[in-house]
Amino acid sequence: MKQPEEVDLLLAGQALQLLPQRALWWPAQQAIVVADVHLGKDAVFRRQGLALPRGAADKDLNRLSTLIRQYQARQLIVLGDFLHAAPQDQEDWMPALTEWRTQHASLALKWLLGNHDRRVALLARSLDAQCLSDPDELGGLLLCHEPPETTRTPSLSGHWHPVLQLRTAARIRKRLPAFWLAGQRLVLPAFGELTGGHPIPRRAADRSWVTDGAEVFEWPPSQPPAC
């Protein structure tokens, strides 16, 4: 299923689609791939006395549901930091996560544990999630939370929350989430709404695509071949 606003990418022989929702569609695996959802981040901030509104987890889970249904996905692969921290008893966002899993009971949930995913064994079992080692391998691609040191190894990862800063025609600077391809290493943007971003230290040979939520486009644009 190809939508006009997506971008096709071939990595290690695997056809992938970069989605404007800061996610990846992997047709051969019938999988939606995301990184850095950071569910419960607002609750952690409220524990620390910051007056953040509730409902961030509901919004992120609803966005996941929309993608799962749109692409009729059979798998959801999370490349680490599904949670922001281990949930406390009666955390206010937990019922939404439980209800979301009930709605997608037939979905295979593959959860590669990231640095924020601490003490989640009981929760993972309750969600019928398969916890993956880091790195894992699927379809010839390494699945990692933090990008591997070598850029020659075909891999999918997150952790860095890449963004690029664009200057519009009106000289307005915009920071947009980005997919970053360095060698054979594809780093996904953070999926969660409350996640920050880090500018990409791009090299000349790298490629990157930004999303404004409606479309994905390469930035900077590829240069046409010289005549």
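Computed from backbone phi with θ = phi - 60° and the Karplus coefficients 6.51, -1.76 and 1.60, the 3J(HN,Hα) list for the range 150-160 is 7, 8, 8, 7, x, 8, 10, 8, x, 6, 8 Hz; x is used for glycine and proline. Rounded to the nearest 20 debye, the dipole magnitude of the range 56-191 is 800 debye, with +1 charges on Lys and Arg beta carbons, -1 on Asp and Glu beta carbons, and the Cα centre as origin. Note that the chain presents 50 Å² accessible area per residue, ligands and nucleic acids not counted, probe 1.4 Å. Net charge dipole, the range 90-143: roughly 100 debye, given to the nearest 20, about the Cα centre with Cβ charges of +1 for Lys and Arg and -1 for Asp and Glu. Axis angle, to the nearest 10 degrees, between helix 56-71 and the longest C-alpha principal axis of the chain: 60 degrees. Taking every alpha-carbon pair under 8 Å whose residues sit at least 6 apart, the chain reaches a relative contact order of 21 percent. What angle, in degrees between 0 and 90 and rounded to the nearest 10, separates the Cα long axis of helix 94-103 from the longest principal axis of the Cα atoms of the chain? Roughly 70 degrees, rounded to the nearest 10.
Only protein heavy atoms count here; on that basis, with a 1.4 Å probe, T66 has an accessible area of about 80 Å². In the chain, the portion of solvent-accessible area held by carbon and sulfur atoms comes to 51 percent [1.4 Å probe, whole percent, DNA, RNA and ligands not counted].
Placing +1 on the Cβ of every Lys and Arg and -1 on the Cβ of every Asp and Glu, with no other charges, gives the chain a dipole of roughly 520 debye about its Cα centre. Only beta bridges with both residues in the chain are counted; by DSSP, about 60 percent of them are antiparallel.
The values are calculated or read from the model by the stated rules, or taken from the named source; none is laboratory data. Nothing here was measured: the structure is a model prediction, and the numbers come from that model. Here the Cβ is made from the backbone with ideal geometry for all residues, glycine too, and neighbour counts use every protein chain on show. The area values use the complete protein model at the heavy-atom level, side chains included, leaving out ligands, DNA and RNA. Shrake-Rupley method; radii C 1.70, N 1.55, O 1.52, S 1.80 Å.
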